[in-house]
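The values are calculated or read from the model by the stated rules, or taken from the named source; none is laboratory data. Quantities reported herein were computed from a predicted structural model and do not represent experimental measurements. Because the Cβ atoms are built from the backbone with ideal geometry, glycine has one as well, and the counts that use them run over all protein chains shown. The protein model used for the area step is the full one, side chains on, heavy atoms only, and it has no ligands, DNA or RNA in it. Shrake-Rupley method; radii C 1.70, N 1.55, O 1.52, S 1.80 Å.
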Amino acid sequence: MSLPGAVPPPDESIDAGVAWHYGDPFAEQRSAARSAVVFDRSNRGVVAVPGEDRLTWLHQLTSQHFEQLGENAATEALILDAQGRLEHHAVVANVGGTVFLDVEEVDGLLAYLKKMVFWSKVEPRDATAEFALLTVAGPETPAVLDRVGVAVPADAAPLGEGFVRRVSWPGRDAVDLLVPRAELGDWWQRITDAGARPAGSLAFEALRVEALRPRQGVDTDERTIPHEVNLIDSAVHLNKGCYRGQETVAKVHNVGRPPRRMLLLHLDGSADALPEPGDPVALDGRVVGRVGSVVQHHELGPIALALVKRSVPVESTLTAGAPEREAAARIDPDSVPPDTPGLGREAARNLRG
């Protein structure tokens with residue numbers, strides 16, 4: 001979407017198609033903390049699943065308990081492979097007789113869903129051309145949306161053919177709006193006229209990293225399991241079973257010790273270039289992890305998410321990045337997840353049920 005003041009991202013950016021920033025990315029971050037901003041996230045894919053069997057069908061395929069998901073409800077869900085490795089992460093809304101799943105990548109997810117329809121009364125489709133996602137964030141979000149005639153729901157609610165959905169990040173009081181793509185410009189104008197500052201993907205990514213939220217394909221690799229990237233609480237229902245990858249979920253939950261953990265790294269910003277996603281993280285010359293998202297935060301400076309072996313001591317001084325962009329890095333202790341062993345045999349029994 002072309003908007004006044006929008007600076008496009010570099011050609012190689014994964015956020016092509018939306019604004020990189022609107023002149024001052026740090027001011028955009030500060031506004032998200034103090035007032036309200038609106039992010040254009042229309043580059044995000046949307047899968048729609050209408051049909052009377054949609055909840056029972058998705059319950060069988062995903063990590064989430066869709067059979068308990070009521071109307072006007074929101075959640076997150078994962079699709080795993082047989083070894084419990086992350087294939088798809090979706091943010092979900094069940095409104096108006098349709099389950100909407102917004103995701104990083106549509107094609108692979110949709111191909112899998114269509115393959116699994118069989119006799120179920122569902123009709124999954126790519127709805128990306130129909131709908132676009134906006135996110136409003138900041139403590140003044142409820143007031144801004146009230147001025148455009150949108151009430152912030154407890155969970156989710158219909159918004160025309162789309163929805164409005166409360167989310168826990170980025171920043172305070174964040175709300176997603178799924179609107180008709182043809183009306184995206186009109187909604188943007190209404191929300192900015194109501195007091196939200198335009199903000200780009202640089203600010204959104206900085207807030208996402210601060211919130212320790214992984215981005216699939218950036219903070220994950222082909223070996224990632226949900227426990228490593230803080231997705232158990234939000235996207236996995238531990239008292240359901242019979243979905244692909246469930247055995248790994250149960251085993252690691254009961255032991256409480258995944259092989260890696262996603263941590264926040266504070267980077268030495270003195271080098272000319274920062275590390276990039278996929279670069280190594282090393283301890284005393286030995287590779288112990290991989291770099292994920294790298295951002296410039298308005299208060300924390302250069303920071304990154306990284307998947308690091310859990311044996312690495314929290315107080316370690318690490319290096320992050322390829323040799324030409326290597327930076328010293330230290331682990332933020334507040335980002336270290338606690339060991340949370342599960343309920344042993346009882347948890348395993350519930351997961352098999």
Cα gyration tensor of region 212-326 diagonalised, 5x eigenvalues square-rooted, in angstrom largest first, produces semi-axes 29, 15, 12
Amide H proximity to Val291 below 5 Å, modelled H, separation 5+ or other chain, gives Gly278, Asp279, Val281
Computed from every Cα-Cα pair in region 45-126, P(r) in 10 Å bins starting at 0 and rounded to whole percents is 19, 60, 21, 0
Relative contact order as a percentage, region 180-284, C-alpha pairs under 8 Å and 6+ apart, gives 27
Once phi for every residue in region 70-87 is put through the Karplus expression 6.51 cos²θ - 1.76 cosθ + 1.60 (θ = phi - 60°), the whole-Hz ³J(HN,Hα) values, with Gly and Pro written as x, are x, 5, 6, 10, 10, 6, 10, 8, 10, 10, 10, 8, 5, 8, x, 8, 5, 10
Once Ala151 and Arg330 are pulled to full extension, the length gained, defined as 0.36 nm per residue separation minus their Cα-Cα distance, is 60.2 nm
The simple spin-label model distance between Glu299 and Met116, using points 7 Å out along Cα→Cβ, in nm, is 4.0
One finds, for Ala322 and Gln60 with R0 = 45 angstrom and r their Cβ-Cβ distance, a FRET efficiency to the nearest 0.05 of 0.55
If each part is reduced to its alpha-carbon centroid, region 1-32 and region 224-243 end up apart, in Å, by 32
Amide H neighbours of Asn72 at under 5 Å, excluding residues fewer than 5 places away on the same chain, with H built from the backbone geometry, are Asn94, Val95, Gly96
Once Lys and Arg are counted +1 and Asp and Glu -1 for all other residues with Cβ under 15 Å from that of Asp126, the total becomes -1
Rounded to the nearest 10 Å², the 1.4 Å probe accessible area of Arg30 is 80
Note to self: C-alpha centroids of region 111-128 and region 140-166 sit apart, in Å, by 28
A chain fully extended from Arg34 to Arg166 at 0.36 nm per residue, minus the present Cα-Cα distance, gains in nm 45.7 nm
Taking 0.36 nm per residue of separation between Glu315 and Glu222 and subtracting their Cα-Cα distance, the length gained on full extension comes to 30.7 nm
The relative contact order of region 260-337, taking Cα pairs under 8 Å that sit 6 or more residues apart, comes to a percentage of 41
So, relative contact order of the chain in percent, Cα under 8 Å, 6 or more apart, is 18
GNM on the chain, Cα springs under 10 Å; top mean-square fluctuation among Ala235, Ala182, Ala203 goes to Ala182
Surrounding charge for Thr98, neighbours by C-beta under 15 angstrom, Lys/Arg +1, Asp/Glu -1, total -4
Rounded to a whole %, the carbon-and-sulfur portion of the accessible area of region 68-157 at a 1.4 Å probe is 52
With the 1.4 Å probe rolled over protein heavy atoms, the chain has an accessible area per residue in Å² of 44
